[in-house]
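All remarks here apply to the structure that follows.
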Amino acid sequence: MKFLKMLPQRLKMAVVDNPKKVAELIDLVNLPTMLREFMGQSQSSQLNCFRRVWSYVKENNLQDPSNKNVVNCDEKLKSILLGKSKFELTELPVLIKLHFPKKPK
């Protein structure tokens, strides 16, 4: 695992201690229709979806100018984030995770 050398110590521990959680983040899954249209592909990982949504927010200047921790959604973003007109950045991973079914243990 060459990529471990590049990670901060705290993150290295998380990767080594929780390989199943890391696998959940990087496993490709079939996306639901709403997310598929947003991403422009039929399969993706949670991590890739998070990165794509974050890029979209930055490219379209959707962060609230007075509070950078709040994102004002446009119609396209609302369609994949439960119709919310605003959300805090800390909510984004949870909102994206809702599109990914839990795997049976």
For every other residue with a beta carbon closer than 15 angstrom to the beta carbon of Asn69, add +1 if it is Lys or Arg and -1 if Asp or Glu, then tell me the sum.
-> +1
Between rounded, prolate and oblate, where does region 62-105 land on the alpha carbon gyration tensor, with a ≥ b ≥ c its root eigenvalues, rounded for a/c under 1.5, else prolate if a/b exceeds b/c?
-> oblate
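Readers should treat all values here as calculations from the given coordinates under stated rules, not as data from a laboratory. As the structure is a computational prediction, the values presented were derived from the model and not from experiment. Cβ atoms come from the backbone with ideal geometry, glycine included; neighbour counts cover every protein chain shown.
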